[in-house]
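One structure below.
The values are calculated or read from the model by the stated rules, or taken from the named source; none is laboratory data. The structure presented is a predicted model; accordingly, all values stated were derived computationally and were not measured. Please note: Cβ atoms are built from the backbone with ideal geometry, for glycine as well, and neighbour counts cover all protein chains shown. In case anyone asks, the SASA skips ligands and DNA or RNA and just uses the protein heavy atoms, side chains included. Shrake-Rupley method; radii C 1.70, N 1.55, O 1.52, S 1.80 Å.
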Amino acid sequence: MSVTETQVLDALRNVIDPDLHRDIVTLGFVKDITIDGARVGFKVQLTTPACPVKEILEAECRERVLALDGVQEVDVEMTSQVRQRDAPHDDLIPQVRHCIAIASGKGGVGKSTCAVNLAIALAQSGAKVGLMDADVYGPSIPLMMGAQDERPFTRGNKIVPIQRYGIQMMSLGFLLEEGQAVLWRGPMVAGTVRQLLADVEWGDLDYLLVDLPPGTGDAPMSLAQLAPLTGVVIVTTPHHVAANIAGKSVQLFRRLNAPIMGVIENMAGFVCPNCNAVTQIFAGLTGEELASQLKVPYLGSVPLDPTVSDAGDRGVPSIIAQPDRLQAGSFREIAGKLAQQASIAGFTRKNDQSDQPS
Ligand SMILES: Nc1ncnc2c1ncn2[C@@H]1O[C@H](COP(=O)(O)OP(=O)(O)O)[C@@H](O)[C@H]1O
Ligand SMILES: [Mg+2]
């Protein structure tokens, strides 16, 4: 006698998603069960292709079903579908499932570097990714992506994003003439952020990462008002000052009702380009300590590695130029954690308001 679909589902109810704290059947992740004698197949549809615990879940599903009497073979197919966020009807980017801002208290901490490498890491995991450079004071994404000579064209009345390294990107830098200086006042910043959201043909995206200017000025404020954010990532360095200022950004975004998805510590230990040894340079608060002080998730640490800035200057992001170095691994790991946080945020918002972290 072969097993029944109910038996398979009951077995899979023992598999708990470690982030969402519910079993995968209740979560609606199990799809397309097929039973052919002693052979059982099904799909598990996760909320992100960048799920860091994909392999663990897959192994557990296989094990649970194999343990059933009468089952000899199990085919598990791991798929993903990033969930649609709840957006108001006047949403400027209705086809973007997660809009995530990358912020920092001060400049030069590696915010743009993180935005570029994380966007590429998410795309490499199979997600559809956009990168919007909203740093009105120093748009640096075109240079870092080796696209500073590109000029976007328009289709209909929309600006078509530039494609590089598997992601769609748009920067204010593309829309300014070379060397053109802009004296920004508040309403102009708001107008520009709106234009980058509404007038660009972003299309269907799992993640839109937005590189914000440093600090707590008009751009973060406008963004949070114009597009419902899944959340904000704060980049900091191990200096005390940077940590203090990071605390201020966390406060601002909390007041704007934008959830903090976590802290990334950049330029922590120095990686010797010759021998790969890691040396700690700054004695300040670690990113992990800062995150726990601010009561926000800690997403990880990226070492100080000269090849990161070399790569950025040459227009080939370091995750592409040096995919085997420690920094690239850090970016991939952080991207996984970020996708995980996005899934949690999307899920709690949709299904159970009371689960929301305070
Ligand atoms: N992990 C790192 N290792 C070495 N250099 C880095 C690292 N992260 C960023 N940089 C360099 O530091 C400088 C500032 O980074 P950037 O991303 O432009 O900062 P922000 O956007 O916060 O102003 C750049 O020259 C960049 O190449
Ligand atoms: Mg920058």
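Inside the range 7-23, residues that are open to solvent by less than 90 Å² (accessible area, probe 1.4 Å) and modelled with pLDDT of 95 or more make up a count of 8. Please go through the range 309-328 and give me each residue that is farther than 18 Å from R164 by Cα and buried (at least 18 other Cβ atoms within 10 Å of the Cβ), ordered by number. Of everything in the range 309-328, those that are farther than 18 Å from R164 by Cα and buried (at least 18 other Cβ atoms within 10 Å of the Cβ) turn out to be R325, Q327.
The condition of being modelled with pLDDT of 90 or more and either small (G, A, S) or more than 23 Å from the chain's Cα centre (by Cα) (or both) does not hold for A181. For the range 120-136, the candidate set comprises residues that are within 13 Å of ligand 1 (Cβ to nearest atom) and buried (at least 24 other Cβ atoms within 10 Å of the Cβ); within that set, the residue that is modelled with the lowest pLDDT is A134. Of the residues in the range 125-147, at least one is closer than 21 Å to L226 by Cα and β-branched (V, I, T). Quick check: anything in the range 59-71 open to solvent by less than 10 Å² (accessible area, probe 1.4 Å), at pLDDT 95 or above, away from ligand 2 (no atom under 16 Å from the Cβ) and over 20 Å from the mean Cα position of the chain (by Cα)? Checked the range 59-71: at least one residue is open to solvent by less than 10 Å² (accessible area, probe 1.4 Å), at pLDDT 95 or above, away from ligand 2 (no atom under 16 Å from the Cβ) and over 20 Å from the mean Cα position of the chain (by Cα).
Taking V82 as the residue in question, decide whether it is more than 16 Å from ligand 2 (Cβ to nearest atom), more than 18 Å from I234 (Cβ to Cβ) and in contact with a Cys (Cβ under 7 Å, 6 or more places away or on another chain). Considered against the rule, which asks whether it is more than 16 Å from ligand 2 (Cβ to nearest atom), more than 18 Å from I234 (Cβ to Cβ) and in contact with a Cys (Cβ under 7 Å, 6 or more places away or on another chain), V82 comes out as no.
Residue-by-condition table, conditions (1) within 16 Å of ligand 2 (Cβ to nearest atom); (2) in contact (Cβ under 8 Å) with a residue 24 or more places away in the chain; (3) within 19 Å of P214 (Cβ to Cβ); (4) not in a strand (DSSP E or B):
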{"residue": "T113", "(1), (2), (3), (4)": "yes, yes, yes, yes"}
{"residue": "N117", "(1), (2), (3), (4)": "yes, yes, yes, yes"}
{"residue": "A121", "(1), (2), (3), (4)": "no, yes, no, yes"}
{"residue": "P139", "(1), (2), (3), (4)": "yes, yes, yes, yes"}
{"residue": "P142", "(1), (2), (3), (4)": "yes, yes, yes, yes"}
{"residue": "M169", "(1), (2), (3), (4)": "yes, yes, no, no"}
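The set of residues in the range 24-58 being more than 18 Å from R83 (Cβ to Cβ) and open to solvent by less than 30 Å² (accessible area, probe 1.4 Å) consists of V40, G41, F42. Looking for something within 10 Å of ligand 1 (Cβ to nearest atom) and among the hydrophobic types (A, V, I, L, M, F, W, C) - is there at least one such residue anywhere in the range 272-290? Within the range 272-290, none of the residues are within 10 Å of ligand 1 (Cβ to nearest atom) and among the hydrophobic types (A, V, I, L, M, F, W, C). Restricted to the range 306-341, and to residues that are in a loop (DSSP other than H, G, I, E, B) and touching a residue at least 24 places away in the same chain (Cβ under 8 Å), which residue is nearest to L118 (Cα to Cα)? So, considering only residues that are in a loop (DSSP other than H, G, I, E, B) and touching a residue at least 24 places away in the same chain (Cβ under 8 Å), the one nearest to L118 (Cα to Cα) is P317. For the criterion of being at positive phi and under 13 Å from the mean Cα position of the chain (by Cα), G130 fails. Of all residues in the range 137-167, those that are surrounded by 21 or more Cβ atoms within 10 Å (Cβ to Cβ) and touching a Lys or Arg at 6+ places or on another chain (Cβ under 8 Å) total 1.
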